Amino acid sequence: MKVLVVIASDKFSDKEFSITTDVLRKRGVEFDIASKEEGVCFGQVGLEANADLDFDSVNSEDYDGVVIIGGVGSQDELWMTERLIEIVSEMYARGALVSAICLSPVVLALAGILEGRLVTVFPSPASLAAMNKVGANVVDMPVVADMNIVTGRDPAVSEEFAEMVVEKLLS
């Protein structure tokens, strides 16, 4: 079992990243970390994480799922990254797990996979507008699983989000 953990190169959510990767490790799920560029990435409050891959180097066939971490950097960088949106589309098309937390479910919306799906997202005006534009059914819940899509609302639900990701991977 192997997943691709995606972070922005700058201003990813330290808490979402550290809790999610800790849960994956503890549950025996292997992962690679990807970002816009390979190398050191910076969290909103000082955490540094090393991206093993840049998006252009990712072969989506190598992974059972993708986990997109949120934070301010998601809106600033990930929402605009065409290759990441392609990776999400490719993984969804073959039935892999697709998951995102905080502001990052917008990446799933931009990939065109959320129409009619139940999702949660950090409720910023921009994220809610993106969800409404694609016809996603946004609910105010901590974590939502709709078939092979898992979304989490904010950093406070990181552990619950990560546990749901692992549960879906193993089912």
- Query: For segment 15-171, what class follows from the C-alpha gyration tensor (a ≥ b ≥ c being the square roots of its eigenvalues): rounded when a/c is under 1.5, otherwise prolate if a/b is larger than b/c, else oblate?
  - Reply: rounded
- Note on the structure: For segment 2-170 the mean separation of alpha carbon contacts under 8 Å (6+ apart) over residue count, i.e. relative contact order in percent, is 22
- Query: What list do you get for THR81, THR20, THR151 if you sort them by fewest beta carbons within 10 Å?
  - Reply: THR81, THR20, THR151
- Query: Between ALA136 and residues 5 or more places away or on another chain, which pairs have amide H atoms under 5 Å apart, with H built 1.01 Å from N, and which residues are they?
  - Reply: GLY116
- Over 24 Å (Cα to Cα) among LYS15/LYS168; LYS11/LYS168; LYS15/LYS36 -> LYS11/LYS168
- Task: Step through the residues of segment 54-68 one at a time and calculate ³J(HN,Hα) from phi using the Karplus curve (6.51 cos²θ - 1.76 cosθ + 1.60, θ = phi - 60°), rounding each to whole Hz and writing x for Gly and Pro.
- Result: 8, 4, 5, 8, 7, 9, 4, 5, 7, 10, 8, x, 10, 10, 9
- Query: What residues qualify as long-range amide H neighbours of VAL150, i.e. H under 5 Å apart, gap of 5 or more or another chain, H built at 1.01 Å from N?
  - Reply: VAL98, SER99, ALA100
- Query: Which whole-Hz couplings ³J(HN,Hα) result when phi for each residue of segment 156-171 is put into the Karplus expression 6.51 cos²θ - 1.76 cosθ + 1.60, θ = phi - 60°, listed in order with x for Gly and Pro?
  - Reply: 4, 10, 4, 5, 4, 4, 4, 5, 5, 4, 5, 4, 5, 4, 8, 8
- Compute the distance in nm between two label points, each set 7 Å from the Cα along the Cα-to-Cβ direction, one at GLU30 and one at MET147. 2.9
- Item | Calculated FRET value between SER89 and VAL45, using beta carbons and R₀ = 41 Å, to 0.05 | 0.85
- Footprinting exposure proxy for PHE12, PHE161, PHE122, PHE31 (fewest neighbouring C-beta atoms within 10 Å first): PHE31, PHE122, PHE12, PHE161
- Note on the structure: Residue separation between GLU82 and SER57 times 0.36 nm, minus their alpha-carbon distance, gives in nm 7.6 nm
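Values quoted throughout were computed directly from the atomic coordinates according to the rules given, and no laboratory measurement underlies them. No experiment lies behind these values; they were computed from the predicted model shown. Glycine also receives a Cβ, built like all others from the backbone with ideal geometry; neighbour counts cover every protein chain displayed.
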